[in-house]
């Protein structure tokens with residue numbers, strides 16, 4: 001018990017020292033690895049810029065769909081730091097590279113995929129305020145786990161015009177077992193490594209908690225109540241899009257997604273329009289960047 005208290009105290013003092021001696025360039029950053037997400041990447045970037053993310057460290061895993069060209073203006077503005085990464089099973093290597101290379105620049109880093117949207121429950125509260133409050137509750141918190149909210153196809157068989165956040169408005173019930181998956185927002189200085197895309201291995205004395213301060217021991221955590229921040233996970237989108245994505249290997253383990261994924265994740269029990277609050281400003285942001293790209297091309 002005494003040894004445990006000493007480890008916790010040492011971690012607490014270490015955190016205080018790092019916070020007081022660090023000059024962070026970014027308060028909140030996202031790390032994401034993508035492959036052929038060109039249909040949606042601009043919306044994903046614009047959405048997170050709107051909710052308060054300062055920078056995205058983007059790892060392009062051999063995309064063949066003009067991903068870099070589509071995000072060029074985000075790169076040139078400094079919002080995206082672009083990395084090209086080759087080969088299979090590159091998710092954990094990308095995450096660990098981000099921690100080692102960029103971690104010292106960031107107070108907090110969120111590790112999410114391009115079909116996952118961090119969403120404050122109350123649009124009047126900034127995402128960074130929610131995250132900061134969770135970390136300040138306990139100085140030995142090195143990561144917080146944010147639960148998925150699985151969104152289904154909303155009946156779409158094929159891709160239709162519009163953004164993801166306006167086309168897919170039906171999700172699984174809050175207590176759906178799949179929503180127990182979490183993704184992590186971390187203090188980079190507390191992270192030893194990622195060997196699982198959902199859950200960071202932290203230095204001794206630090207731990208992962210939920211937004212309410214409850215301990216989380218793995219990448220799987222039941223939702224006790226609806227938190228102020230969640231991850232809208234648009235995992236299937238339309239049936240057509242799901243079939244295309246299922247034909248390529250996963251970035252974490254290098255295997256193909258199992259058959260029956262669409263049927264497993266096509267959950268449409270609850271209509272939820274929370275993300276629509278951001279629709280107009282996300283569209284404006286996308287159009288601003290597109291205009292800048294068009295002007296340069298001319």
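The values are calculated or read from the model by the stated rules, or taken from the named source; none is laboratory data. Predicted, not measured: the structure shown is a model, and the values here were computed from it. Neighbour counts run over all protein chains shown; Cβ positions are idealised from the backbone, glycine included.
Looking only at segment 177-195, which residues are more than 20 Å from residue 92 (Cα to Cα) and crowded, with 18+ Cβ neighbours inside 10 Å? Can you show your working first?
Our first condition is that a residue be more than 20 Å from residue 92 (Cα to Cα); within segment 177-195, this holds for 177-180.
179 - this is the single residue of segment 177-195 that is more than 20 Å from residue 92 (Cα to Cα) and crowded, with 18+ Cβ neighbours inside 10 Å.
Which strands (runs of 3 or more DSSP E) does segment 196-298 wholly contain that include 3 or more residues that are modelled with pLDDT of 95 or more and either in contact with a helix residue (DSSP H, G or I) (Cβ under 8 Å, 6 or more places away or on another chain) or surrounded by 20 or more Cβ atoms within 10 Å (Cβ to Cβ) (or both)? Before the answer, list the steps.
On the way: elements: 200-202, 207-209, 229-233.
Qualifying strands (runs of 3 or more DSSP E): 229-233.
If residue 48 meets every condition in (1) in contact with a helix residue (DSSP H, G or I) (Cβ under 8 Å, 6 or more places away or on another chain); (2) in a helix (DSSP H, G or I) apart from one, which number is that one?
All conditions are met except number (1).
Being in a loop (DSSP other than H, G, I, E, B), crowded, with 22+ Cβ neighbours inside 10 Å and out of contact with any helix residue (DSSP H, G or I) (no Cβ under 8 Å at 6 or more places or on another chain) is the filter here, so list the residues in segment 127-174 that pass it. Before you say what the answer is, go through the steps one by one.
Keep residues of segment 127-174 that are in a loop (DSSP other than H, G, I, E, B), which gives 137-140, 152-163, 168-169, 172-174.
Checking the rest, the ones that are also crowded, with 22+ Cβ neighbours inside 10 Å come to 152-153, 168, 172.
If the condition is that a residue be in a loop (DSSP other than H, G, I, E, B), crowded, with 22+ Cβ neighbours inside 10 Å and out of contact with any helix residue (DSSP H, G or I) (no Cβ under 8 Å at 6 or more places or on another chain), then 168 is the only one that fits.
Of all residues in segment 104-126, how many are surrounded by 20 or more Cβ atoms within 10 Å (Cβ to Cβ) and in a helix (DSSP H, G or I)?
Summing the residues that are surrounded by 20 or more Cβ atoms within 10 Å (Cβ to Cβ) and in a helix (DSSP H, G or I) in segment 104-126 gives 0.
Name the residues in segment 175-188 that are in a helix (DSSP H, G or I), under 22 Å from residue 222 (Cβ atoms) and in contact with a strand residue (DSSP E or B) (Cβ under 7 Å, 6 or more places away or on another chain), would you? Outline the logic, then answer.
Let us first name the residues in segment 175-188 that are in a helix (DSSP H, G or I), namely 177-180, 188.
Next, only the ones that are under 22 Å from residue 222 (Cβ atoms) stay: 177-180.
Result: 178, 179, 180.
Mind listing whichever residues of segment 57-84 are touching a helix residue (DSSP H, G or I) at 6+ places or on another chain (Cβ under 6 Å) and in a strand (DSSP E or B)?
If the condition is that a residue be touching a helix residue (DSSP H, G or I) at 6+ places or on another chain (Cβ under 6 Å) and in a strand (DSSP E or B), then 57, 59, 60, 80, 82 are the ones that fit.
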